[in-house]
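Below you'll find the structure, written out as structure tokens, and then a few comments.
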2 protein chains.
Amino acid sequence: MFETKYGYFTEDGKEYVITTPKTPKPWINVISNGDYGMVISQSGSGYSWRTHASLNRITRWEQDLIKDEWGKYIYIKNETSGDFWSPSWKPTCKEPQEYEVRHGQGYSIFETKYFDIKTNLTMFVSKDDPVEIWKLTIKNTSEKEHKLSIYTYLEWNLGAAPDWHREFHKTFIETDFLNDLNCITAEKRMWEIPNEKGQNWNRNWEYTAFHSVNEKIAGFEGSKEKFLGEYGSISNPNALISGKMSNTYGKWEDSIGSLKNEIILKPGEEKTLIYLLGAVSKKNTNGSVSSLVKKYQTVEKVDEEFEKVKDMWNEMLSKFTVETPDKALDFMLNNWLKYQAISGRLWGRSAYYQTGGAYGFRDQLQDSQIFLYVDPEQTKNQIKLHAAHQFKDGSVYHWWHPISELGYKNNISDNRLWLPFVVLRFLKETSDLEFLKENIKFLDGGESSLYDHCIRAIHYNLNHMSPRGLPLIGDGDWNDGMNAVGTQGKGESIWLGHFLYGILKDFSVVCKKMGDLANMQRFMDEAEKLKENINKYAWDGEWYVRAFKDNGEPIGSKQNSEGKIFLNAQTWAIINGTATQTRSETAYRSAKKYLFKDYGPLLFQPAFAKPDPEIGYLSRYAAGVRENGGLYTHAGTWAILAASKMKDPDTYKIYKSFMPIYRGLEPDKYLAEPYVTPGNVDGPDSPYFGRGGWTWYTGSAAWYFIVAIEGIIGLKAEWEGLKIEPLFPEEWKEVKVKRIFRGKQLNITYKKSDEKKIIVNGVEIDGNIINPELLEENVLNVEVLF
Amino acid sequence: MFETKYGYFTEDGKEYVITTPKTPKPWINVISNGDYGMVISQSGSGYSWRTHASLNRITRWEQDLIKDEWGKYIYIKNETSGDFWSPSWKPTCKEPQEYEVRHGQGYSIFETKYFDIKTNLTMFVSKDDPVEIWKLTIKNTSEKEHKLSIYTYLEWNLGAAPDWHREFHKTFIETDFLNDLNCITAEKRMWEIPNEKGQNWNRNWEYTAFHSVNEKIAGFEGSKEKFLGEYGSISNPNALISGKMSNTYGKWEDSIGSLKNEIILKPGEEKTLIYLLGAVSKKNTNGSVSSLVKKYQTVEKVDEEFEKVKDMWNEMLSKFTVETPDKALDFMLNNWLKYQAISGRLWGRSAYYQTGGAYGFRDQLQDSQIFLYVDPEQTKNQIKLHAAHQFKDGSVYHWWHPISELGYKNNISDNRLWLPFVVLRFLKETSDLEFLKENIKFLDGGESSLYDHCIRAIHYNLNHMSPRGLPLIGDGDWNDGMNAVGTQGKGESIWLGHFLYGILKDFSVVCKKMGDLANMQRFMDEAEKLKENINKYAWDGEWYVRAFKDNGEPIGSKQNSEGKIFLNAQTWAIINGTATQTRSETAYRSAKKYLFKDYGPLLFQPAFAKPDPEIGYLSRYAAGVRENGGLYTHAGTWAILAASKMKDPDTYKIYKSFMPIYRGLEPDKYLAEPYVTPGNVDGPDSPYFGRGGWTWYTGSAAWYFIVAIEGIIGLKAEWEGLKIEPLFPEEWKEVKVKRIFRGKQLNITYKKSDEKKIIVNGVEIDGNIINPELLEENVLNVEVLF
């Protein structure tokens, strides 16, 4: 199914497989990431790191193991013929006889055949240990005996990145070789993180990195120059040509890690090598190099660990599954979107195009909603982490780096509101009101209840309204690129108005539950005023204006020749009910007409052809690219909630219009990987209309899941329970969902029927809300006739 | 002379020539800088920029034209045979039939022969126009007619660097093609410099870059992907293989500039193509793209401009020439050191290993001393520029970027003192006391005379002394890497004591001349106290201690097991006379014994094997590398002044021990270019003892010139005039110097003789100081019998 020239997904929807005899697409070369890379991150015992990266240098401060201009590679050389190649195609890029790559949750497998030698390279990160494992099985399928040499290659980075000033940084790196372990270790005597006295460049990197192999080596190399040779290249390194490894280590090199093994394979014979790449903390003992290397010496142990990893993901991801007539949707919902959000966004916080490593205040908060469906406790932890990055006045860090706790504060106006937003969603999912009483610290001292943290966030925004009662946009809102709209302290955001309105309304209910009637009343009053003002000032005739500049001019109005209509200003008016029913219909019609295009709902139209210095860098991008009139997928997902609320029968069609797996059917146009969401897709003002970009690290991963569940499958947590209100395409007859809600297992079956009713464990219920807390059974079999 | 396997310098000492049939050394590939690059900068009309760079990303903010992972390249393809190559060897790296590179002042010439096609590629930057010119002459030396295609390649950067986040930045770049001019233009809609309102990412790059050729093109390419091909490489790009140029331009690409021309050459025939790479300001009209392209259409015009450039350098550099028995010394003094200091340090402010682009307060001030010998007015301008980057309290920026004026302030304690230091040297050279009265602004408002700027700088340091009257080191002194010695506000610097002592003594004379008797007296008193305290607390028995930590422990003492003895603490005691004669002798003997090694005077010994967090990042480098016990050339030069003052007959031998041209005789050990000074050379604690690094951008360029003139040739400007006190090696019989001093031409001939005397225009003078201001003649023929 969905087999294309390049790829398909397996029947169980867990793996995406690429087989091609021709040049692979960029995104399938996960290990050898010349231009691209991939995040494999695991977070068992509380740490996580990225082991793959990209040419777009890594900016994560703390523990980047390897330098990523090059990636990490394996070379195999046939010593008889002199041929050499890479089992992942890159960097040698030779034509394979066979080529298949399978990406699953937590692993990638490369199966190739070159010169009659078959290899299977399985890569994954251990569930609990700080180590990445490469299991390389090599089989001689020829009629002759072959002597093979196998080389690995990676460049040590060890700490802050982008470490573009290699001439400076390389002289702080020190490698060693542990003979009995066949293991290269690497440490760094300088870490970019200030020390406890606040001094820069005066602290050791607090880890020992290592790279080992389970068989006796034939040599190793710690010097980049010696491995590549003078003017040598990664595709044709001198070590492969000469066969010489100098066994160099120490502190005077541009440090790499390379191990050489030699094996002889009889016809039909196969052997397996186990490579490790890891790092142990010097402070918090999470295993010694020696203990980790010794632990993973055998295929059995590695296979056992591999099963643990797969089991971990299976267990987590299977807590919420769907079965729909569209296998592509199942593929996305059951595995990949959750995996992308958790692995890429929450744990790795990094990807090809954007390699932050920091926590974005609003970013990982939103992402953590994915855990509501599989493990709400982890949403709770994320909420606590973010609440602790708030100041007493309600303002927050825009982002901060863990470990160093270096943070950045700005005047972007929506950041802080995502705290009550996600808290609200957590509360509706779990009904765990006690959480609100938990005390959490402020960045600038003192502590207070989570409830109070939320109140302060909301108050901050209520105290920053314009004279006519619209929210000040500050240095941008959800859209960072509108960074000049309100610099003088006057510009207003209508999207922020819709967003704030929803929070005021919703949170007033929380206030009531908490007995805080003053805030309850204030929020209700402010909400009404806000709604009135939005409709008084921001209705443009056929849609809502997006914002007003410092000078009062509108953005996203029929008055404008570019940026006439913005998506978020319409979708959130509908989602949060700021609009009347009539205006909702008009606004939705306009959005659909002007913005919902072939490859998804555009952020606005038309794109800016020239920069508008009163708007900001949004208008400086190429027309149609990223926020400048492209599909910005994060915002695109919200259009599904609006479409659903408007009961648009095209809702699923719109959803499908930007589903990666469908877009992957045109790989040469789409370019991006088909199993994860991209950050953006070029809009019609770009000559590359339909080209995806910035995959993996995008807030759309969690939201593209959520809007399918709420907007199409129609399962939405409300205070009263789980509301069921599906909006399937006409041709769907049956859908099944398994999920947990408030501690109970729900097995839901939707069936198309003439009568509409909901039956729970054989009993028809009134309305369309199930509150498991009112029911005795732990397993609820729900039949939904629609 | 000095011909080696790799290179030699021409008889006139203006060019360094490399001829080799084998793989070139890294440093000769100036144009195609894969791993290395070179600065060619010109500053005729007041601007300058770098047109070459290196893998070590450029950090200069303002006007980096091209992205420098790759460099800029030319490819030539023989359409009949399909062979293609590069006239600069890189990036195709094919074996040439002939290969010669000549680096002169302001230009480089690559002469190669591949497949019987000879090329001469001459590259230089125009004297007055913002344009780099590549003149490529191609000659068919075969017996057959050949059709050749010629391609150029460069990646646009346009502004802030390191622009490592290409996925973000590329979407702001916009290219166009001007058909009638055969010219690609490139602009950028986003500049990292904040706009006038202080907003980031909201300003256009204020230049138009361009790349043109003087012959009708056969096609052009603006897309990196299309040029290289999917997975293509710079050494084997798809465009060369397929011959296809897509003529793509616009704003949706990873923008490059590539021009393709086709020529047919009969046997013996040659043709010349003229390429331009330039940028014009949109604000200050320094020529339009069109006018510049049209100006350089013919070989005659280009040759005329090339002559202008050579003339400009010849004229400037020939203002001060020497003729000694050592042609290597002449080569360095007459051309390359001045060129390095002016072009690399003062104008380009960038090089392979360190690509700042900023002005360092003390850095370019010291460098500007080079102009005292060829054009003191430019020293004056540099002094004014730096004085204007002082705050009212006497403190200064550590560095700042021109154009943006973004600066960085820290608590490094010697920065500010270099202002009076260089002012003193300017005054002694020129006797222009009027300059002191010139009003110059402070960074934080207000203005004052240059004299007062100097006074404030000195007062700042006098107000930051320790309880026992030694200078506080703050967050480091001359040695940035001692950044933890005085963090708690207690650590003391003995080197700074010597340095300050000299300034106090010398500047008290200025005070007297200015009638400021209060400061005169204060400085004299403070100097005596300081000298007393240094000798009381910092004499270690056989040498001076370098510094005291916050906790009072010494650095650079016999008590220490590492960093026992530091160079600067001895040399400056001698240079400035803080030491008594006896202690000078003892300290010098110790320095010579422990520090003066095979490849120059080490910064200290032994190197730190492990980091000392109470010293700072100096101790974190690999042992023997850079400041950690290597030759740090900047400091190494001062050892010559000390040796000379001690009348050490080995002075010239010590000087020669780190002269690049001699070190280049062992290219495989030294590795660095032999015609410019390196920043450092590995010390004996490194396994690469003798390996040079960080060439071009080093404060040693100007100083290595100065110390030769003052310490060996023995010409030193004093208040009373030019003091003549040579210290030649035993075997030297005759030396000639031509220089200008206080407006008069001095032709000095030194002759070894039994009698010692100095004869000026035929008249023997008393003593050894010539004051041209007391003489009538404009040309002084000076005979020095020594």
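The values are calculated or read from the model by the stated rules, or taken from the named source; none is laboratory data. What you see is a predicted model; the values in this text were computed from it and never measured. So basically every Cβ, Gly included, is an ideal-geometry build from the backbone, and we count neighbours across all protein chains shown. Protein only, heavy atoms only, side chains kept; ligands, DNA and RNA dropped before computing areas. Shrake-Rupley method; radii C 1.70, N 1.55, O 1.52, S 1.80 Å.
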Practice problem: Please work out which one of (1) out of contact with any Phe, Trp or Tyr (no Cβ under 8 Å at 6 or more places or on another chain); (2) among the acidic types (Asp, Glu); (3) part of a helix (DSSP H, G or I) is the condition residue B:405 fails and give its number. | Solution: (3)
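Going by what's in this entry, would residue B:489 be described as more than 30 Å from the chain's Cα centre (by Cα), under 23 Å from residue B:388 (Cβ atoms) and surrounded by fewer than 18 Cβ atoms within 10 Å (Cβ to Cβ)? First the steps, then the outcome.
Details: more than 30 Å from the chain's Cα centre (by Cα): yes; under 23 Å from residue B:388 (Cβ atoms): no; surrounded by fewer than 18 Cβ atoms within 10 Å (Cβ to Cβ): yes.
Taking the combined requirement at face value, the residue does not satisfy it.
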Exercise. Name the single residue, out of those in region B:624-647 being farther than 30 Å from residue B:580 by Cβ and open to solvent by 10 Å² or more (accessible area, probe 1.4 Å), that is farthest from the other protein chains (Cβ to nearest Cβ).
Key: B:626
Self-check item: Test result for residue B:568, touching a residue at least 24 places away in the same chain (Cβ under 8 Å), open to solvent by 10 Å² or more (accessible area, probe 1.4 Å), more than 14 Å from every other protein chain (Cβ to nearest Cβ) and not aromatic (Phe, Trp, Tyr)
Solution: no
Practice problem: State all residues of region B:103-138 that are modelled with pLDDT under 90, more than 19 Å from residue B:18 (Cβ to Cβ) and touching an Asp or Glu at 6+ places or on another chain (Cβ under 6 Å); if no residue qualifies, say none. | Solution: B:125, B:126
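Per-residue answers, yes or no, for (1) open to solvent by 10 Å² or more (accessible area, probe 1.4 Å); (2) of a type outside the set (Phe, Trp, Tyr); (3) in the same structural domain as residue A:615 (by the TED database):
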{"site": "A:504", "(1), (2), (3)": "no, yes, yes"}
{"site": "A:537", "(1), (2), (3)": "yes, no, yes"}
{"site": "A:544", "(1), (2), (3)": "no, no, yes"}
{"site": "A:553", "(1), (2), (3)": "yes, yes, yes"}
Exercise. Could you look through region A:325-360, keep only residues that are part of a loop (DSSP other than H, G, I, E, B) and open to solvent by less than 10 Å² (accessible area, probe 1.4 Å), and pick out the one that is modelled with the highest pLDDT?
Key: A:349
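Does any residue of region B:300-316 turn out to be assigned to a strand (DSSP E or B), among the acidic types (Asp, Glu) and out of contact with any Phe, Trp or Tyr (no Cβ under 9 Å at 6 or more places or on another chain)?
First, pick out the residues of region B:300-316 that are assigned to a strand (DSSP E or B): none.
Checking region B:300-316: not a single residue is assigned to a strand (DSSP E or B), among the acidic types (Asp, Glu) and out of contact with any Phe, Trp or Tyr (no Cβ under 9 Å at 6 or more places or on another chain).
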Quiz item: Mind checking whether some residue in region B:652-666 is touching a Phe, Trp or Tyr at 6+ places or on another chain (Cβ under 8 Å), farther than 22 Å from residue B:341 by Cα and either within 14 Å of chain A (Cβ to nearest Cβ) or open to solvent by 10 Å² or more (accessible area, probe 1.4 Å) (or both)?
Solution: yes
Quiz item: Would a scan of region B:350-357 turn up a residue that is at negative phi and more than 14 Å from every other protein chain (Cβ to nearest Cβ)?
Solution: no
Quiz item: Does region A:591-602 contain any residue that is without any contact (Cβ under 8 Å) to a residue 60 or more places away in the chain, within 14 Å of chain B (Cβ to nearest Cβ) and not charged (D, E, K, R)?
Solution: no
Quiz item: within 23 Å of residue B:212 (Cβ to Cβ), out of contact with any Pro (no Cβ under 8 Å at 6 or more places or on another chain), modelled with pLDDT under 90 and not aromatic (Phe, Trp, Tyr) - does that describe any residue in region B:271-281?
Solution: yes
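With the requirement that a residue be surrounded by fewer than 18 Cβ atoms within 10 Å (Cβ to Cβ) and not basic (Lys, Arg), what does region A:206-218 give you? First the steps, then the outcome.
Taking region A:206-218 first, the residues surrounded by fewer than 18 Cβ atoms within 10 Å (Cβ to Cβ) are A:215-216, A:218.
Once the filter is applied, which keeps residues that are surrounded by fewer than 18 Cβ atoms within 10 Å (Cβ to Cβ) and not basic (Lys, Arg), region A:206-218 yields A:215, A:218.
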Quiz item: What number of residues within region A:536-550 are under 23 Å from residue A:621 (Cβ atoms) and either part of a loop (DSSP other than H, G, I, E, B) or among the small types (Gly, Ala, Ser) (or both)?
Solution: 6
Quiz item: Any chance region A:762-779 includes a residue that's open to solvent by 80 Å² or more (accessible area, probe 1.4 Å) and among the polar types (S, T, N, Q)?
Solution: yes
Quiz item: Just wondering, is there one or more residues in region A:206-228 that are part of a loop (DSSP other than H, G, I, E, B), among the hydroxyl-bearing types (Ser, Thr, Tyr) and in the same structural domain as residue A:288 (by the TED database)?
Solution: no
Self-check item: Residue under evaluation residue B:282, criteria (1) surrounded by fewer than 22 Cβ atoms within 10 Å (Cβ to Cβ); (2) under 30 Å from residue B:93 (Cα atoms); (3) of a type outside the set (Asp, Glu), criterion not met
Solution: (2)
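Look through region A:676-722, keep the residues that are of a type in the set (D, E, K, R) and away from every other protein chain (no Cβ under 14 Å), and return whichever of them is nearest to residue A:735 (Cα to Cα).
As a first pass, look at region A:676-722 and keep what is of a type in the set (D, E, K, R): A:682, A:685, A:691, A:710, A:716, A:718, A:720.
Subsequent filtering for residues that are away from every other protein chain (no Cβ under 14 Å) retains A:710, A:716, A:718, A:720.
Details: A:710: 14, A:716: 16, A:718: 22, A:720: 24 Å.
It comes out as A:710.
Which of the residues belonging to region A:288-313 are under 22 Å from the mean Cα position of the chain (by Cα) and surrounded by 15 or more Cβ atoms within 10 Å (Cβ to Cβ)?
Just the residues of region A:288-313 that are under 22 Å from the mean Cα position of the chain (by Cα), to begin with: A:309-313.
Those that are under 22 Å from the mean Cα position of the chain (by Cα) and surrounded by 15 or more Cβ atoms within 10 Å (Cβ to Cβ): A:309, A:310, A:312, A:313.
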Quiz item: Which residue pairs have Cβ atoms closer than 7 Å, lie 6 or more positions apart in sequence or on different chains, and pair a first residue in region A:719-739 that is closer than 21 Å to residue A:509 by Cα with a second residue that is among the β-branched types (Val, Ile, Thr) and open to solvent by less than 30 Å² (accessible area, probe 1.4 Å)?
Solution: A:721/A:770; A:722/A:770
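I'd like to verify a number: residues in region B:169-183 that are more than 14 Å from chain A (Cβ to nearest Cβ), farther than 16 Å from residue B:246 by Cβ and of a type in the set (A, V, I, L, M, F, W, C), how many?
Pass one, region B:169-183, residues more than 14 Å from chain A (Cβ to nearest Cβ): B:177-183.
If we keep only those that are farther than 16 Å from residue B:246 by Cβ too, we end up with B:178, B:180-183.
Add one more test, that the residue is of a type in the set (A, V, I, L, M, F, W, C), and what stays is B:178, B:181, B:183.
Qualifying residue count, region B:169-183: 3.
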Quiz item: Does region B:404-416 contain at least one residue that is within 25 Å of residue B:496 (Cβ to Cβ) and acidic (Asp, Glu)?
Solution: yes
Quiz item: When you look at residue A:609, is it modelled with pLDDT of 95 or more, outside any loop (DSSP other than H, G, I, E, B) and either open to solvent by 10 Å² or more (accessible area, probe 1.4 Å) or more than 14 Å from chain B (Cβ to nearest Cβ) (or both), yes or no?
Solution: no
Quiz prompt | Residue within region B:223-244 that is within 14 Å of another protein chain (Cβ to nearest Cβ), open to solvent by less than 30 Å² (accessible area, probe 1.4 Å) and over 30 Å from residue A:92 (Cα atoms) present | solution = no
Practice problem: Output the qualifying pairs, or none if there are none: Cβ atoms under 7 angstrom, residues six or more apart or on different chains, first residue in region B:425-452 and assigned by the TED database to the domain that holds residue B:502, second residue polar (S, T, N, Q) and open to solvent by 40 Å² or more (accessible area, probe 1.4 Å). | Solution: B:447/B:439; B:448/B:439; B:449/B:439
